[in-house]
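Take a look at the structure set out below.
The values are calculated or read from the model by the stated rules, or taken from the named source; none is laboratory data. As the structure is a prediction and not an experimental result, all values here were calculated from the model. Ideal geometry is used to build each Cβ from the backbone, glycine not excepted, and the neighbour counts take in all protein chains shown.
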Amino acid sequence: MTDPKAAPKYESIVLRILWMLVFALVWQVAQFLLGALVVVQLVHRLIYGAPNLSLMNFGDSLSQFLAQIGRFGSFHTEQKPWPFADWPTPRAPEGEGAHSVLPTPQPARDEEPKP
């Protein structure tokens, strides 16, 4: 007959395969987003002379997310990536400093009293 200990293990591997297929699709979308982000960041760098900090942070988080998918898919960890875990926190930039936009000073308002 069937071994009762083998059934839960088989069941869990079937669920893992399904999750791996889902995350393979998510990988494709995230990979496209990261590629688009790279192009936008390059254009920003060419126009403003420095990369955008928000794009740098999102790009780092997205690349860490892709790494989490790879770790889960290669059986390195049992922890499923986001949304089952927290979204990765961006690390401090190691390369070029980011472009920061200073707020523009507001001109003083010369309002005359209304008659």
Notebook entry, point to check: In the range 50-78, how many are of a type in the set (Ser, Thr, Tyr) and closer than 16 Å to Thr89 by Cβ?
Noted result: 3
Margin query: Whether any residue in the range 38-48 is in contact with a His (Cβ under 6 Å, 6 or more places away or on another chain), modelled with pLDDT under 95 and not basic (Lys, Arg) is what I want to check.
Written below: yes
Next item on the list: For Glu94, state whether it is over 28 Å from Ala24 (Cα atoms) and charged (D, E, K, R).
Entry: yes
Check: Mind checking whether some residue in the range 68-90 is farther than 16 Å from Val26 by Cα, outside any loop (DSSP other than H, G, I, E, B) and of a type outside the set (Ser, Thr, Tyr)?
Finding: no
Next item on the list: Could you tell me whether any residue of the range 49-60 is in contact with a strand residue (DSSP E or B) (Cβ under 9 Å, 6 or more places away or on another chain), on the phi > 0 side of the Ramachandran plot, in contact (Cβ under 8 Å) with a residue 40 or more places away in the chain and not in a helix (DSSP H, G or I)?
Entry: yes
Note to self: Residues to consider are Ala6, Ala30, Ala85; find the one that is at pLDDT below 85 and surrounded by 13 or more Cβ atoms within 10 Å (Cβ to Cβ).
What the structure shows: Ala85
Next item on the list: Kindly establish whether Arg16 is surrounded by 15 or more Cβ atoms within 10 Å (Cβ to Cβ) and over 25 Å from Ala92 (Cα atoms).
Entry: yes
Check: When only residues in the range 35-82 that are among the aromatic types (Phe, Trp, Tyr) and within 15 Å of the chain's Cα centre (by Cα) count, which is surrounded by the fewest Cβ atoms within 10 Å (Cβ to Cβ)?
Finding: Trp82
